[in-house]
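Q: Would you mind keeping the following structure in view while I ask a few things?
The values are calculated or read from the model by the stated rules, or taken from the named source; none is laboratory data. For clarity, every value in this text was computed on a predicted model and none was experimentally measured. As a convention, Cβ positions derive from the backbone with ideal geometry for all residues, glycine included, and neighbour counts pool all protein chains shown.
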Amino acid sequence: MDLSTPKGTKDFTVELEIIRKKIVSEIEDIFQKYGYEPITTPIVEYWDTLKGKYGEEAENKLIWRFKLPFSEREYALKYDNTVPLARYYAKYRPLLPFKRYTIDRVFRYDEPQKGRYREFWQADVDILGSPYPEADAEILKVFNEVFERLGFRDFRILINDRRIMDTIFSGFGIEYRSKVYRIIDKLDKVGLENVKRELLEFLDKDKVERIINLISLEDKEALEYISRFKGVEEYVEDIKTIIDLSGSNKIIYKPSLVRGLDYYTGMVFEVVYNGYPGSLGGGGRYDDLIEVFAGSKVPAVGGSVGINRVMDLGIDLGIFKVDKKTYTEIAVIYIGDTFRKAWNIANDLRKEGFKVYIDLMRSKFKKQIEYAISKDIRYLIIVGEEDLKENMVTFQDRYLKKREKVDLKDLINLLNKKISNRSG
């Protein structure tokens, strides 16, 4: 029997799952702080729901599609959380503005490599109903706070606007424009000279030089350069408003940023980290997508945090420590014929909200201690026959290597002091 997981998927061990849940908890707390509400959509959608939303490459190569032998319908695993959100809105018509978040798994049949999986977690946050740059700014503000709280310091949030790019390249034609975008999008991977060489294969030298001049700049210099083009005035003002309202020097305007999904219509962004290949998150404005399902235009903006990538990078940087082996705070250890009393003590502590382990293997005292050490459980309550005669137990702090006799009636007060200040 092959015990490996399918290529591009992974098991989350106890240590990794504790880290993942901590990340999710922090992200969810920030989402809720800004007034976003949770929803969850199915992992499986009808293929017709996803079809025609992501572009040719994604739909021909990356979406997991399947047909069951006993069904005539074709199904697909969800590629992201945004198209299912559009379907959700069309079905339930929640009051606008609809601010929602979803933290769930998505699937892409990509070639696995560092930071890239076929099954991975995304934390999505979106605003439906507002066409204004302040909605875009709030999304970026949320993302900025997420990465700051998680402990990342050397990150940047790069932004651009598809409307600016489409206006500048309006004379290229849709086919050439898409080709230019795909090449520009590879700038950070292949470098400026390789981008230039690819563009020269189908564009004249003057056009290529203008493109290179554009994508070589960023932030204020880029905005000043962009402002020289006709027809972009409103979009440039939107970008300036977004940067101003976000209140963060981490948000940088970068003309070379061209996100790939076909449904983006305005501001787009990516979260990048110095030296890390690929983005840690991203998104943008997609004002036309909801209409495909709902029949009427509903402006929308949002983005997703790549939880797997955040975990991988955070572990590499030492931000997340792969050392916590359990949530358990206390192990109740019994000696001799004291299991029943120890059982009752454990349950009394659980009623008080403590996370408590008690051995269920009828193990000897030494084995119980060894197990508690292997799980790195800090506090031990040792229940012995002689101590019980005096209504006492032994409390042990493994980290401080201290033991003390405690009256049972004082045990909860002692633990409340210890557990609330674990650094002790």
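Q: Answer yes or no as to whether residue 252 is at pLDDT 90 or above, over 23 Å from residue 132 (Cβ atoms) and not hydroxyl-bearing (Ser, Thr, Tyr).
A: Answer is no for this residue.
Q: Quick check: is even one residue across segment 68-81 touching a residue at least 60 places away in the same chain (Cβ under 8 Å) and buried (at least 19 other Cβ atoms within 10 Å of the Cβ)?
A: Yes, segment 68-81 contains at least one residue that is touching a residue at least 60 places away in the same chain (Cβ under 8 Å) and buried (at least 19 other Cβ atoms within 10 Å of the Cβ).
Okay, residues lined up against (1) closer than 23 Å to residue 18 by Cβ; (2) at pLDDT below 95; (3) out of contact with any Ser or Thr (no Cβ under 9 Å at 6 or more places or on another chain):
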{"residue": "331", "(1), (2), (3)": "yes, no, yes"}
{"residue": "355", "(1), (2), (3)": "yes, no, no"}
{"residue": "403", "(1), (2), (3)": "no, no, no"}
{"residue": "424", "(1), (2), (3)": "yes, yes, yes"}
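Q: Under the condition of being surrounded by fewer than 21 Cβ atoms within 10 Å (Cβ to Cβ) and among the charged types (D, E, K, R), which residue from segment 132-155 is farthest from the chain's Cα centre (by Cα)?
A: Across segment 132-155, the extreme among qualifying residues is 134.
Q: Oh, and also: Taking interchain pairs and intrachain pairs at least six residues apart, which have beta carbon atoms under 8 angstrom, with the first residue in segment 266-284 and assigned by TED's automatic domain parsing to the domain that holds residue 242 and under 17 Å from residue 256 (Cβ atoms) and the second at pLDDT below 90 and aromatic (Phe, Trp, Tyr)?
A: none
Q: Which of (1) of a type outside the set (D, E, K, R); (2) buried (at least 16 other Cβ atoms within 10 Å of the Cβ); (3) assigned to a loop (DSSP other than H, G, I, E, B) is the odd one out, the single condition residue 308 does not satisfy?
A: Going through the list (1) of a type outside the set (D, E, K, R); (2) buried (at least 16 other Cβ atoms within 10 Å of the Cβ); (3) assigned to a loop (DSSP other than H, G, I, E, B), residue 308 breaks only (3).
Q: Being farther than 26 Å from residue 15 by Cα, among the polar types (S, T, N, Q), without any contact (Cβ under 8 Å) to a residue 60 or more places away in the chain and assigned to a helix (DSSP H, G or I): is that true of residue 413 here?
A: Judged against the criteria, residue 413 is a match.
Q: So residue 316 passes all but one of these: (1) within 30 Å of residue 191 (Cβ to Cβ); (2) touching a helix residue (DSSP H, G or I) at 6+ places or on another chain (Cβ under 8 Å); (3) of a type in the set (Asp, Glu). Which condition number does it fail?
A: Condition (2) is where residue 316 drops out.
Q: Something else about it: Only residues that are touching a residue at least 24 places away in the same chain (Cβ under 8 Å) and surrounded by 15 or more Cβ atoms within 10 Å (Cβ to Cβ): list them for segment 333-345, please.
A: If the condition is that a residue be touching a residue at least 24 places away in the same chain (Cβ under 8 Å) and surrounded by 15 or more Cβ atoms within 10 Å (Cβ to Cβ), then 333, 334, 335, 338, 341, 342, 345 are the ones that fit.
Q: Here is a list of conditions, (1) assigned to a loop (DSSP other than H, G, I, E, B); (2) among the polar types (S, T, N, Q); (3) over 28 Å from residue 80 (Cα atoms); (4) in contact (Cβ under 8 Å) with a residue 40 or more places away in the chain, and residue 241 meets all of them except one; can you say which number that is?
A: The failed condition is (1).
Q: To continue, here is another question. Name the residue that is surrounded by the fewest Cβ atoms within 10 Å (Cβ to Cβ), counting only residues in segment 52-67 that are modelled with pLDDT under 95 and in a loop (DSSP other than H, G, I, E, B).
A: 52
Q: For segment 284-297, enumerate the residues that are crowded, with 24+ Cβ neighbours inside 10 Å and at positive phi.
A: 284 - this is the single residue of segment 284-297 that is crowded, with 24+ Cβ neighbours inside 10 Å and at positive phi.
Q: Kindly list, by first and then second residue, each pair from a residue in segment 88-113 that is assigned by TED's automatic domain parsing to the domain that holds residue 295 to a residue that is buried (at least 21 other Cβ atoms within 10 Å of the Cβ) and among the basic types (Lys, Arg), limited to pairs with Cβ atoms under 7 Å and residues at least 6 apart or on different chains.
A: Sorted first by the residue in segment 88-113, then by its partner, the pairs are 106/78; 107/78.
Q: Here is a further query. Name the residues in segment 311-331 that are assigned to a loop (DSSP other than H, G, I, E, B) and within 14 Å of residue 147 (Cα to Cα), would you?
A: 319, 320, listed by residue number.
Q: Give the residues of segment 341-364 that are within 14 Å of residue 393 (Cβ to Cβ), assigned to a helix (DSSP H, G or I) and not polar (S, T, N, Q), sorted by residue number.
A: 341, 342, 343, 345, 346, 348, 349 - these are the residues of segment 341-364 that are within 14 Å of residue 393 (Cβ to Cβ), assigned to a helix (DSSP H, G or I) and not polar (S, T, N, Q).
Q: Take segment 244-257 and flag every residue that is among the aliphatic types (A, V, I, L, M), outside any loop (DSSP other than H, G, I, E, B) and within 14 Å of residue 269 (Cα to Cα).
A: Passing the criteria: 251, 252.
Q: Looking at 219, 185, 161, can you tell me which residue is surrounded by 13 or more Cβ atoms within 10 Å (Cβ to Cβ) and in contact with a helix residue (DSSP H, G or I) (Cβ under 7 Å, 6 or more places away or on another chain)?
A: 161
Q: In addition: Among the residues in segment 295-305, are any out of contact with any Gly (no Cβ under 9 Å at 6 or more places or on another chain), free of Cβ contacts under 8 Å to residues at least 60 places away in the same chain, assigned to a loop (DSSP other than H, G, I, E, B) and in the same structural domain as residue 108 (by TED's automatic domain parsing)?
A: Yes, segment 295-305 contains at least one residue that is out of contact with any Gly (no Cβ under 9 Å at 6 or more places or on another chain), free of Cβ contacts under 8 Å to residues at least 60 places away in the same chain, assigned to a loop (DSSP other than H, G, I, E, B) and in the same structural domain as residue 108 (by TED's automatic domain parsing).
Q: When only residues in segment 214-228 that are among the charged types (D, E, K, R) and outside any helix (DSSP H, G or I) count, which is farthest from residue 185 (Cα to Cα)?
A: Among residues in segment 214-228 that are among the charged types (D, E, K, R) and outside any helix (DSSP H, G or I), the one farthest from residue 185 (Cα to Cα) is 228.
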